[in-house]
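Worksheet: the structure to be examined is printed underneath.
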Amino acid sequence: MPRSSRFAVFGIGRYGSAIAYSLAAKGAEVFAFDTNDERIDRIKDDVALAVTLDSTDKRALQAQKINELDAAVVAIGENFEATVLTALNLLDLGVPRVIVRANGENQLRILSSLGIQEILSPEAEVAIVISERLIHPGIQGLLRLPDDFEIVEIEAPANCIGRTLGSVDLTNRYDLRLITIRREFAEGKDGERTEHILGVPKSDTVIEETDTLVVFGARAAVQRFLAING
């Protein structure tokens, strides 16, 4: 993980605090914000900065130089109006990645219409998985398994594009097992892109830019692969 990884978490309830703790445990610089003094007091010793702040106030966010961070997670669960206003403020301030919690389909549709591209569903997204995706943006999906193993969906890393699976050699070089590849194809008269599974790719399969590699292995092996090829 780059030393410059700096993340803000807005809303330090049970879900937001779990994300903040998980990010901090991975070595990230975490900035926690909430309107509740008690929540901020509980987390202040475990993150880089904890501030009682109204995130619907754009000037308050500007004072914290939020635009200099790598990403922000809006995990305000009890006040959807505050969620929307906070997300819009973060977008206006130019935060590179804005990830927002949605409770239910209606909130998801509203957030999508506002231009939020990364939306969390607490029922489906475990905090530790969210933190992994923040640390490694190339991870699209992750399933944790016992004994520190996982199945991970990884956007084709830059150093792998244009190379064959045989030359990348996931098994022998990284101790990873490729399950399959999800690939986009242009179909129809208008060239609309549709994703398909390649099945069991062969060693001469060339990795393309839009591919998603689905791999199985130990967590440490996955992180090593991402660090070398990301």
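Taken together, the values in this text are just the output of simple stated rules run on the coordinates, not laboratory data. Here the structure is a predicted model, which means the values were calculated and not measured. Ideal geometry is used to build each Cβ from the backbone, glycine not excepted, and the neighbour counts take in all protein chains shown.
Details
- Rg and Dmax [Cα atoms of the range 147-230; Å; Rg one decimal, Dmax integer]: 13.3, 48
- For the chain, the 222 nm mean residue ellipticity estimated from helices alone, with every DSSP H stretch of n ≥ 4 adding -39500 (n - 2.57) and the total spread over all residues, rounds to -9000 deg cm²/dmol.
- Sorting 47, 98 by the number of Cβ atoms found within 10 Å of their own Cβ, with the fewest placed first, yields 47, 98.
- Between the range 33-92 and the range 167-230, the alpha-carbon center distance in angstrom: 36 Å
- Paramagnetic reach from residue 184 (point 7 Å along Cα→Cβ, amide N under 17 Å) across the range 194-220: 194-198, 207-214
- Distance between modelled label sites at residue 78 and residue 118, nm, 7 Å Cα→Cβ extension: 2.7 nm
- The ranking of 143, 111 by Cβ neighbour count inside 10 Å, starting from the fewest, reads 143, 111.
- Taken over the Cα atoms of the chain, the convex hull encloses 144 Å³ per residue.
- Projected label distance in nm at residue 65 and residue 175, using a 7 Å step from Cα toward the beta-carbon: 4.0 nm
- Simple rule: put +1 on each Lys or Arg Cβ and -1 on each Asp or Glu Cβ in the chain, find the dipole, and look at 166, 9, 71; the Cα lying farthest toward the positive end is 166.
- Share antiparallel - DSSP beta bridges, the chain, percent rounded to 5: 55 percent
- Note on residue 92 and residue 54: their simple-model spin labels are 1.4 nm apart, each label 7 Å out from Cα toward Cβ.
- Only lysine pairs 8 or more places apart, or on different chains, with alpha-carbon atoms under 29 angstrom apart are counted in the chain, and they number 4.
- Ordering 196, 136 from the fewest to the most neighbouring beta carbons within 10 Å gives 196, 136.
- Over the range 1-108, Cα pairs under 8 Å with separation of 6+ residues give a relative contact order of 26 percent.
- Theoretical gain in end-to-end length, residue 45 to residue 206 [0.36 nm per residue, Cα-Cα removed]: 53.2 nm
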